[in-house]
Amino acid sequence: MLENKLVIGVVSWLGGIIAAVLVQQILNRRNVLIYFVNHLKVGTSADDKTFGSVQITWNGEQVPNLYLSTLELRNESSRDLQNVCVKAYSGDTLLLSEFPQLVGTTQFVKYNPEYEKKISVIAGEKPTQQQRDIYGQGREYMIPVLNRGQIIRFQYLNISKSERQPSIWLDIVHPGVVLKFRNPQNQIFGVPQPKAALTGVLLGLLLATLLYAYCPYIWIIAFGSLFFGFIAQVPGAFVIRAFRRVRGWITG
């Protein structure tokens, strides 16, 4: 009896240490922001001597193409961030009009004061060529508050300077923040399908192991594993969502 109590005590002690380490790792984890980019071609200038021509013009001059590019920035960290400076830039694309928005709110996304000063034009005057270049090559914004899970969507009408589609990037310099680019992914219940699928596979292996250990009927093991394989993404997505919620409770 004494030995059993000692084993239980040691296991509980080790479990407490492991739980404390995991909680500390979650609390100290660097803030991760991710962003996706999607380009939609609106039109292309073309000359056809037989059936006529299509022209896209900007300020009265013909341009070869017109794109609508959408960038979504998501705070996937467990913390709310303040005063985040976000820069959108490109080297082979001319940025025209824009529509930035903090998704789910009525708040406007404003320029960084320093950037706004650079492109400020006195009423009645025209922007200088330097200001046109600054405006066409990039934008800088100041986000007062970016809560966990929140999304900022930037949309730009733009002209690609080459025959390829535009390339527009985001950059953030903020203490403790890491910015990562990801290709757009299909989602299931708000979770990227690859993550949900991987988690579902791990759950399936656990289920198959338990069935093999405790179920005496082979047909139940085979049918249960096959059925779970068809729906693996669904429980995988719910496990990830549950983990996010627990992480939110831990971090406040």
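Total residues in region 42-64 satisfying the condition of being in a strand (DSSP E or B) and within 21 Å of residue 139 (Cα to Cα): the figure is 1.
Rundown of residues vs (1) aliphatic (A, V, I, L, M); (2) over 29 Å from residue 58 (Cβ atoms), yes/no style:
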position	(1), (2)
111	no, no
114	no, no
130	no, no
145	yes, yes
151	yes, yes
167	no, no
172	yes, yes
175	no, yes
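The sole residue among 196, 208, 213 that is assigned to a helix (DSSP H, G or I), surrounded by 18 or more Cβ atoms within 10 Å (Cβ to Cβ), without any contact (Cβ under 8 Å) to a residue 60 or more places away in the chain and not hydroxyl-bearing (Ser, Thr, Tyr) is 196. Applying a threshold of 6 Å to beta carbon distances and a minimum spacing of six or more residues, or different chains, the list of pairs starting in region 152-176 at a residue that is at negative phi and ending at one that is surrounded by 16 or more Cβ atoms within 10 Å (Cβ to Cβ) and among the aromatic types (Phe, Trp, Tyr) reads 158/67; 166/67; 170/35. Restricted to region 110-175, the set of strands (runs of 3 or more DSSP E) holding at least 3 residues that are outside the structural domain of residue 100 (by TED's automatic domain parsing) and more than 19 Å from residue 99 (Cβ to Cβ) is empty.
Has region 32-46 got any residue that is at pLDDT below 80 and touching a strand residue (DSSP E or B) at 6+ places or on another chain (Cβ under 7 Å)? Yes, region 32-46 has at least one match. Here residue 87 meets each of (1) in a strand (DSSP E or B); (2) touching a Ser or Thr at 6+ places or on another chain (Cβ under 9 Å) with one exception, condition (2). Output the number of residues of region 108-131 satisfying the condition of being more than 18 Å from residue 87 (Cβ to Cβ) and surrounded by 13 or more Cβ atoms within 10 Å (Cβ to Cβ). Of the residues in region 108-131, 1 are more than 18 Å from residue 87 (Cβ to Cβ) and surrounded by 13 or more Cβ atoms within 10 Å (Cβ to Cβ).
Quick one: would you say residue 231 is at pLDDT below 75 and outside the structural domain of residue 115 (by TED's automatic domain parsing)? In short, yes.
The values are calculated or read from the model by the stated rules, or taken from the named source; none is laboratory data. Note that the structure is a prediction, hence the values are computed from the model and not measured. Here the Cβ is made from the backbone with ideal geometry for all residues, glycine too, and neighbour counts use every protein chain on show.
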